[in-house]
Amino acid sequence: MSWKKLGSRTVYENDWMQVCEDHVVNPGGGENQYGYVHFKNRAVAIIPLDQDRNVWLVGQQRYTLGAWSWELPMGGAPLDEAPLKAAKRELMEETGLRATTWTEIMRLHPSNSITDEVGIVYLAEDLTAGEPQFEETEDLEIRKLPLQDAVAMVAAGEITDAISVAALLRIAAIKITSSP
C-alpha cells in the first residue's frame, strides 16, 4: 500500500516556502498527520573550479543554526527561472566569479522526509574574477582553496551543509580520481 492524502491545510506561508499538514493514510493503513515544507524555489549550488583544481567556498553565520557555516556558493532559483541562469547570478553575487563552461553534475533532495526541496549542482569552469555583489542578508567570507582541502573539510566535519557535502564528494570522485 502507498500513501494516500485525505486532506491538506497550509499552516504557514511566505514568499519562499509553505508549511503544510496533510491528513493521510500511511502505507500500514493507519491515519495520521504528516507535516512538510514545500519550497517555492529550487536550490542551486555551484562548484567554481579553476585550472589548478582550486574551489571557492563562502562562509557565513547561519541564523537557523546560530553558527558559522562554510558552503559552496548557492542560492534560490524561483520555479519559473531556469536553474542555470540562477546559478550564474548566485556565483557572481557571492564570489564575483563568472564562468564560461557550466556542467550540471547532480540533482538531489536535501531532506526528503520533511521537504520537497530540489537541489541542482553545477560545475563552473573557465573562471574570470570580478567583485561580489552581496545581497542585504549576506555578510560572506570568500575562501579559495585546493579541491582536496575542501574535501578534507567535509571529512573533518567542517563543512556540514548537505548540498555542499554531496557536491564536493561527487566532484572529488570525478576530478580527483581522473587526475592526469
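The values are calculated or read from the model by the stated rules, or taken from the named source; none is laboratory data. Since this is a predicted model, take the numbers as computed values, not measurements. Methodologically, a virtual Cβ is constructed for each residue, glycine included, from the backbone with ideal geometry; neighbour enumeration extends over all protein chains shown.
Here are the numbers:
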{"item": "Segments classed as strands (runs of 3 or more DSSP E), wholly inside segment 1-69, with at least 3 members that are of a type in the set (D, E, K, R) and in contact with a strand residue (DSSP E or B) (Cβ under 7 Å, 6 or more places away or on another chain)", "result": "4-13"}
{"item": "Test: A87 is buried (at least 16 other Cβ atoms within 10 Å of the Cβ) and outside any strand (DSSP E or B)", "result": "yes"}
{"item": "In segment 18-55, the residues that are surrounded by fewer than 16 Cβ atoms within 10 Å (Cβ to Cβ) and within 18 Å of the chain's Cα centre (by Cα)", "result": "H38, K40"}
{"item": "Pairs, first touching a residue at least 40 places away in the same chain (Cβ under 8 Å) in segment 1-28, second surrounded by 15 or more Cβ atoms within 10 Å (Cβ to Cβ) and assigned to a strand (DSSP E or B), C-beta under 8 Å, six or more apart", "result": "W16/F39; W16/N41; W16/G76"}
{"item": "Given (1) outside any strand (DSSP E or B); (2) modelled with pLDDT of 95 or more, index of the condition D80 fails", "result": "(2)"}
{"item": "Subset of segment 140-168 (residues that are closer than 20 Å to T64 by Cα, at pLDDT 95 or above and in contact with a strand residue (DSSP E or B) (Cβ under 9 Å, 6 or more places away or on another chain))", "result": "E158, I159, T160, D161, A162, I163, S164"}
{"item": "Residue check, I171 under 20 Å from Q61 (Cα atoms) and at pLDDT 90 or above", "result": "no"}
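Quick grid of which residues meet (1) within 13 Å of A45 (Cα to Cα); (2) at pLDDT 95 or above; (3) not small (G, A, S):
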| site | (1), (2), (3) |
| --- | --- |
| Q61 | no, no, yes |
| W68 | no, no, yes |
| P73 | yes, yes, yes |
| K85 | yes, yes, yes |
| A99 | no, yes, no |
| S113 | no, no, no |
| G130 | no, no, no |
